[in-house]
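To keep things clear, I will list the structure first and then write my remarks on it.
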Amino acid sequence: MANFVIGTDISTETPTIEVTVDPSKPLPIGRQRFRLVVVDDSGNVSQGDEVDVIVADQTAPTAVLGAPRVVASGSSFKLDGSKSFDAGGGRVVKYVWTYVGPQT
Ligand SMILES: [Ca+2]
């Protein structure tokens, strides 16, 4: 387990490390680059090897539809999706509205 800070080296004597992420402070969405340099038992230092890890929002948003309970016949009214929200580091960018039809 290790809390990585950009540009700060972490040295271990083990060949794996966990990138510990605090859910309240997630890595930004997008490509995040990591680098490994290894040192042998004679003190020789390797070139760096780098890899990009794509941090993605893989959680679906939640739609919350607000509407008046009763409207007068012939009157226009407003639907409100502003309480919809997203988890996983994203945000709602599109609202798709449908009149489903009469309900009994
Ligand atoms: Ca999401």
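The values are calculated or read from the model by the stated rules, or taken from the named source; none is laboratory data. Owing to the predicted nature of the structure, the values given are computational and were not obtained by experimental measurement. A quick note on method: Cβ atoms are made from the backbone with ideal geometry, for glycine too, and the neighbour counts reach across all protein chains shown.
Residues satisfying the criterion are present in the range 56-70 (criterion: under 30 Å from Thr8 (Cα atoms) and loosely packed, with under 10 Cβ neighbours inside 10 Å). Looking across Arg91, Arg31, one residue alone is in a strand (DSSP E or B), of a type in the set (D, E, K, R), closer than 29 Å to Val5 by Cα and free of Cβ contacts under 8 Å to residues at least 40 places away in the same chain. It is Arg31.
Would you confirm, using the coordinates I've provided, whether Pro15 is in contact (Cβ under 8 Å) with a residue 24 or more places away in the chain and not in a strand (DSSP E or B)? The answer is no for Pro15.
Contact map, the range 40-65: first residue over 15 Å from Leu27 (Cβ atoms), second residue assigned to a loop (DSSP other than H, G, I, E, B) and basic (Lys, Arg), Cβ cut-off under 8 Å, separation 6 or more or different chains; pairs are Val64/Lys83. Of the residues that make up the range 59-79, is at least one within 23 Å of Met1 (Cβ to Cβ) and either modelled with pLDDT under 95 or of a type in the set (Gly, Ala, Ser) (or both)? So far as the range 59-79 goes, no, none of its residues is within 23 Å of Met1 (Cβ to Cβ) and either modelled with pLDDT under 95 or of a type in the set (Gly, Ala, Ser) (or both).
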